[in-house]
Amino acid sequence: MRRVAIVGAGLTKFYRNAQETPKELAYEAARMALDSCEMKLSDIDCVVMGTAPDAFDGVHMKGEYLADGAGAYRKPYMRHFVGGGTGVLSPIHGWFHVASGMFDTCLVVAEEKMSSAYPHPAGAFLTIFDHTTEQPLYPTLIWIFAIEMNRFMTTWGYKKEDIALVAVKNKRNALDHPSAQLGAEITVQDVLNSEIMAWPVNRLDISPTSDGAAAIVLAAEHVARRVTEKPIWIDGVGWCLDTAYWCTRDLYYPDYVEVAARMAYKMAGIKEPSKEIHVAEPYDPFTYKELHHIEGLLLAPRGKSVEMLKDGYFNRDGNLPTCPSGGALGVGNPISATGLMKIIEIFLQLRGEAGKRQVPGKPTCGLAQAWGDLMQVGTVVVMRS
Amino acid sequence: MEITDKMVAKTATKLSAEDIQKGKVLSVKWTPNLKYAWDNGPALGRYLAELKNGRIIAKKCNKCHRILIPPRMFCELCWVPTGEWVYVKDTGIVNTWVISYVDWKAGRLDIKGGVRPFTPAVIEIDGATKGMGILHLLNEVDPWKIYRGMRVKAVWKPPEERIGAITDIKYFKPVE
């Protein structure tokens with residue numbers, strides 16, 4: 001396998017409702033990614049596209065619809081989709097294309113426009129549940145997250161007011177992110193006093209619905225060294241899918257995230273992730289998810305993440321900064337674009353170009369992770385400068 | 001070249017709800033009316049038929065010896081065909097639960113107006129392998145008094161109202 005680097009990146013602003021069409025959003029992000037590394041579309045050998053359920057856009061050939069915006073005209077093109085895990089599968093999918101030796105460059109684009117599903121995209125999720133055993137009970141996505149959060153809390157004795165610190169941290173971090181939809185200075189009390197959606201999940205425990213797009217440029221080593229002085233290497237990739245019988249798994253721990261992480265760590269030669277990873281972007285569509293994933297990624301011992309959070313361990317200036325971007329809770333959550341936004345954050349952090357968000361200590365190894373489907377997919381990428 | 005936050009373009013363009021409601025920007029609306037009839041397959045078909053009879057049935061994997069509910073024709077862990085059908089009980093314990101103030105479309109329930117929140121739960125069914133649960137609703141209980149490990153029992157619709165659906169069980173309620 002060949003070494004593959006990220007050499008360029010682009011990101012649109014995230015909004016609850018953007019005027020641009022999905023195609024236009026994809027175009028803007030892809031354009032910026034090429035401009036950032038002074039490459040032209042003719043330098044690109046192939047294109048991959050990450051985008052989540054077709055039901056958001058109501059377009060049942062969304063990959064094809066988006067292709068023009070992603071710069072895929074008459075190029076080898078593939079679309080992938082694993083729910084919320086999509087955005088971190090995107091660079092993995094692109095990595096295959098280049099690591100295999102098939103292509104020297106790949107443009108990776110992730111786009112989501114959730115505002116088209118009207119009045120709220122939550123309704124579009126009903127059909128992810130089993131049509132015979134679950135759908136007749138009219139479940140919502142928030143239920144299953146609340147169900148998982150509660151199991152996580154009752155297993156370890158975690159308190160809502162402690163988990164709320166994730167929202168405080170991430171929304172504060174997002175104040176420094178130019179794409180952010182929901183950067184804010186809030187308190188634990190604000191989270192606890194916000195509207196109850198599905199206890200134990202309050203309004204401020206949830207990331208928003210968003211429109212937005214992100215893109216990166218991947219290159220094989222010989223091209224990457226020509227394009228930039230600061231290539232960021234994809235040194236480990238891992239992904240894994242658990243059973244869709246989610247009621248038969250113990251939801252307190254995401255085994256599939258651990259399996260994906262171990263795969264990526266092994267490939268990157270990482271033996272002690274909590275020491276060797278300097279900065280991480282675990283997926284945080286809900287407050288508890290960041291902690292759940294930190295434990296699954298072996299970045300904290302099981303049952304200890306809340307204690308570490310309270311000690312400031314995961315703050316931007318802590319021992320292991322997590323979601324320095326502001327995460328899905330702060331920057332916003334246009335599903336697939338969120339995962340790629342996280343990849344871009346690690347890219348900038350490792351290049352020392354994250355501006356006000358830069359974590360101290362010149363990090364050289366970082367990780368991004370996403371998660372989705374019926375609480376069953378883990379996608380992990382380890383990157384080094 | 002230095003890559004910084006400058007790479008974030010002025011796009012996208014932010015719209016407010018008012019922009020759309022007042023027609024400042026135009027949009028096209030479509031309400032789909034898609035209809036499906038999903039086949040249940042042999043495993044869930046029998047499961048539903050037994051629900052109509054007021055019973056819960058599971059299926060056993062003869063390799064890992066798990067008693068699987070809902071029943072399935074193959075074991076997803078061992079990846080072999082499952083073996084015999086096994087009746088399980090209509091009682092169980094609450095594995096985890098939710099007190100939901102929203103419906104499936106994220107529409108708000110009128111809690112202040114006295115509407116009871118939904119209380120969906122994962123219920124581990126007695127007789128199935130430990131940890132095997134199903135999604136269902138809890139009722140006849142104060143939502144704020146539900147706890148992990150609470151013992152519950154199915155409340156069935158009367159036989160003449162059952163149609164062979166998961167909703168033939170109205171909900172689960174606490175038992176002593």
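The values are calculated or read from the model by the stated rules, or taken from the named source; none is laboratory data. All of these numbers come straight from a predicted model, not from anything done at the bench. Here the Cβ positions follow ideal geometry from the backbone for every residue, glycine too, while neighbour counts run over all protein chains shown.
For region A:179-203, a residue qualifies if it is under 30 Å from B:Tyr147 (Cα atoms) and buried (at least 23 other Cβ atoms within 10 Å of the Cβ), and the qualifying residues are A:Met197, A:Ala198, A:Pro200, A:Val201. For region B:120-129, the criterion of being in contact (Cβ under 8 Å) with a residue 60 or more places away in the chain and touching a Phe, Trp or Tyr at 6+ places or on another chain (Cβ under 6 Å) is met by none of the residues.
Restricting region A:347-385 to residues that are among the β-branched types (Val, Ile, Thr) and either surrounded by 24 or more Cβ atoms within 10 Å (Cβ to Cβ) or under 11 Å from the mean Cα position of the chain (by Cα) (or both), the residue that is nearest to A:Pro139 (Cα to Cα) is A:Val377.
Look at A:Ser207 and say whether it is in contact with a helix residue (DSSP H, G or I) (Cβ under 6 Å, 6 or more places away or on another chain), within 30 Å of B:Lys145 (Cα to Cα) and surrounded by fewer than 22 Cβ atoms within 10 Å (Cβ to Cβ). No; evaluated as a whole, the condition is false for this residue. Mind telling me which of the residues A:Thr105, A:Thr86 ends up being within 22 Å of the chain's Cα centre (by Cα), buried (at least 20 other Cβ atoms within 10 Å of the Cβ) and among the hydroxyl-bearing types (Ser, Thr, Tyr)? Answer to the selection: A:Thr86.
The residue of region A:1-52 that is nearest to A:Ser116 (Cα to Cα), among those that are out of contact with any Asp or Glu (no Cβ under 7 Å at 6 or more places or on another chain) and of a type in the set (Lys, Arg), is A:Arg16.
Take region A:187-226 and flag every residue that is within 27 Å of B:Thr4 (Cβ to Cβ) and either β-branched (Val, Ile, Thr) or in contact with a strand residue (DSSP E or B) (Cβ under 6 Å, 6 or more places away or on another chain) (or both).
Taking region A:187-226 and keeping what is within 27 Å of B:Thr4 (Cβ to Cβ), we get A:207-208, A:210-226.
Those that are within 27 Å of B:Thr4 (Cβ to Cβ) and either β-branched (Val, Ile, Thr) or in contact with a strand residue (DSSP E or B) (Cβ under 6 Å, 6 or more places away or on another chain) (or both): A:Asp211, A:Ala213, A:Ala214, A:Ala215, A:Ile216, A:Val217, A:Leu218, A:Ala219, A:Val223, A:Ala224.
Reported count of residues in region A:1-32, each being of a type in the set (A, V, I, L, M), part of a helix (DSSP H, G or I) and facing chain B (nearest Cβ under 8 Å), is 2. Cβ-Cβ distances below 7 Å connect the following pairs, each with a first residue in region B:14-25 that is under 16 Å from A:Ser210 (Cα atoms) and at the interface with chain A (Cβ under 8 Å from one of its Cβ atoms), a second residue that is of a type in the set (A, V, I, L, M) and assigned to a loop (DSSP other than H, G, I, E, B), and a separation of six or more residues or different chains: B:Leu15/B:Val25. The residue pairs whose first member lies in region A:112-124 and is more than 9 Å from every other protein chain (Cβ to nearest Cβ) and crowded, with 19+ Cβ neighbours inside 10 Å, whose second member is polar (S, T, N, Q) and not in a helix (DSSP H, G or I), and whose beta carbons are closer than 6 Å, counting only pairs six or more residues apart or on different chains, are A:Met114/A:Thr209. Here is the figure for region B:114-152: residues that are of a type in the set (D, E, K, R) and not in a loop (DSSP other than H, G, I, E, B) total 4. Condition first: over 30 Å from B:Pro174 (Cβ atoms) and within 8 Å of chain A (Cβ to nearest Cβ). Can you find one or more residues in region B:45-58 that meet it? Within region B:45-58, not a single residue is over 30 Å from B:Pro174 (Cβ atoms) and within 8 Å of chain A (Cβ to nearest Cβ).
Number of residues in region A:89-102 that are under 14 Å from the mean Cα position of the chain (by Cα) and among the hydrophobic types (A, V, I, L, M, F, W, C): the value is 2.
Answer with yes or no whether A:Asp162 is acidic (Asp, Glu) and within 14 Å of chain B (Cβ to nearest Cβ). Considered against the rule, which asks whether it is acidic (Asp, Glu) and within 14 Å of chain B (Cβ to nearest Cβ), A:Asp162 comes out as no. Do the conditions hold for A:Ala146, that is, is it in contact (Cβ under 8 Å) with a residue 60 or more places away in the chain, of a type outside the set (D, E, K, R) and either surrounded by fewer than 24 Cβ atoms within 10 Å (Cβ to Cβ) or not in a loop (DSSP other than H, G, I, E, B) (or both)? Considered against the rule, which asks whether it is in contact (Cβ under 8 Å) with a residue 60 or more places away in the chain, of a type outside the set (D, E, K, R) and either surrounded by fewer than 24 Cβ atoms within 10 Å (Cβ to Cβ) or not in a loop (DSSP other than H, G, I, E, B) (or both), A:Ala146 comes out as no. Considering only residues in region A:253-273 that are surrounded by 20 or more Cβ atoms within 10 Å (Cβ to Cβ) and not in a helix (DSSP H, G or I), the one that is nearest to the other protein chains (Cβ to nearest Cβ) turns out to be A:Pro254.
If we keep just the residues of region A:325-359 that are away from every other protein chain (no Cβ under 13 Å) and in a loop (DSSP other than H, G, I, E, B), which is farthest from A:Ala26 (Cα to Cα)? Among residues in region A:325-359 that are away from every other protein chain (no Cβ under 13 Å) and in a loop (DSSP other than H, G, I, E, B), the one farthest from A:Ala26 (Cα to Cα) is A:Val359. Scanning region B:47-71 for residues being surrounded by 16 or more Cβ atoms within 10 Å (Cβ to Cβ), closer than 14 Å to B:Val88 by Cβ and without any contact (Cβ under 8 Å) to a residue 60 or more places away in the chain gives a total of 6. Scanning region A:187-209 for residues that are part of a loop (DSSP other than H, G, I, E, B), within 23 Å of the chain's Cα centre (by Cα) and more than 10 Å from every other protein chain (Cβ to nearest Cβ) turns up A:Ser207, A:Pro208. Regarding B:Val28, is this residue within 30 Å of A:Ile232 (Cα to Cα) and at pLDDT below 90? No, not satisfied.
From A:Ile344, A:Ile294, which residue is within 13 Å of the chain's Cα centre (by Cα), of a type in the set (A, V, I, L, M) and buried (at least 24 other Cβ atoms within 10 Å of the Cβ)? Walk me through it before giving the result.
Details: A:Ile294 fails: within 13 Å of the chain's Cα centre (by Cα).
Going through A:Ile344, A:Ile294 in turn, just one is within 13 Å of the chain's Cα centre (by Cα), of a type in the set (A, V, I, L, M) and buried (at least 24 other Cβ atoms within 10 Å of the Cβ): A:Ile344.
Restricting to region B:143-176, and then to whatever is within 13 Å of another protein chain (Cβ to nearest Cβ) and out of contact with any strand residue (DSSP E or B) (no Cβ under 9 Å at 6 or more places or on another chain), can you tell me which residue is farthest from B:Ile56 (Cα to Cα)? Per the criteria, the residue is B:Ile163.
The combined condition, being over 20 Å from the mean Cα position of the chain (by Cα) and either under 21 Å from A:Gly378 (Cβ atoms) or of a type in the set (Phe, Trp, Tyr) (or both), is fulfilled by A:Ala244.
Taken over region A:126-143, the criterion of being aliphatic (A, V, I, L, M) and either surrounded by fewer than 18 Cβ atoms within 10 Å (Cβ to Cβ) or touching a strand residue (DSSP E or B) at 6+ places or on another chain (Cβ under 9 Å) (or both) is satisfied by A:Leu126, A:Leu137, A:Ile142. Annotation note: Cβ proximity below 9 Å between a residue of region A:149-172 that is over 23 Å from A:Arg316 (Cβ atoms) and a residue that is assigned to a helix (DSSP H, G or I) and among the small types (Gly, Ala, Ser) (sequence gap 6+ or interchain) occurs for A:Trp156/A:Ser305. If the condition is being part of a helix (DSSP H, G or I), modelled with pLDDT under 95 and either closer than 15 Å to A:Leu340 by Cβ or of a type in the set (Lys, Arg) (or both), then region A:52-100 contributes only A:Lys62.
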